[in-house]
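Worksheet: one structure, shown below.
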Amino acid sequence: MAVEIVWLEIPVKDIERAAKFYEAIFGVKSEIGDDGTRRTATLTDTQASGVGISLNQTANFEPSNKGPLAYLMSVNDDMDASLAKVEPAGGKVIEAKTSMGQAGWYGLFEDTEGNVLAFYSTK
């Protein structure tokens, strides 16, 4: 069996603020849903990408910079353009575009909620 990510939930404290941030850096729209226990905003169409990403505001699901590190593909495989959107949207660039040799490039950023994630690009 191959290991495959099928869904990623990003914990947030303020769903509206986080949705605005991710919409700005990825150029997507999201709709906030509330089932009475949690508030969520889906960022991707699993039909198009195969992997779902959502923001999740739920009690005891706390943002962190100490958990697993998810790598998100840079928009249009353009690391510089993706990182340039982070700070104007309210986040912070932690590590600029960095080579991983033949494996490609990464850049670390902190979102508005305190989560640290990475952009990935092949160039």
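Odds and ends about this structure:
- In the condition set (1) outside any helix (DSSP H, G or I); (2) touching a Phe, Trp or Tyr at 6+ places or on another chain (Cβ under 9 Å); (3) of a type outside the set (Asp, Glu), Ala96 is compliant with all but (2).
- At least 2 residues being under 15 Å from Tyr120 (Cβ atoms) is the threshold, and among the strands (runs of 3 or more DSSP E) wholly inside the stretch 33-82 those reaching it are 71-73.
- Checklist (1) out of contact with any Gly (no Cβ under 9 Å at 6 or more places or on another chain); (2) surrounded by 12 or more Cβ atoms within 10 Å (Cβ to Cβ); (3) over 19 Å from Gly91 (Cβ atoms); (4) at pLDDT below 95 applied to Gln47, failing item: (2)
- Checking each residue in the stretch 50-68 for being surrounded by 12 or more Cβ atoms within 10 Å (Cβ to Cβ) and of a type in the set (A, V, I, L, M) picks out Val51, Ile53, Leu55.
- Matching residues, the stretch 99-123, being outside any strand (DSSP E or B), surrounded by fewer than 19 Cβ atoms within 10 Å (Cβ to Cβ) and in contact with a strand residue (DSSP E or B) (Cβ under 8 Å, 6 or more places away or on another chain): Gly104, Thr122, Lys123
The values are calculated or read from the model by the stated rules, or taken from the named source; none is laboratory data. Values in this document were obtained by computation on a predicted structure and should not be read as measured data. Virtual Cβ from ideal backbone geometry, glycine too; neighbours counted across all protein chains shown.
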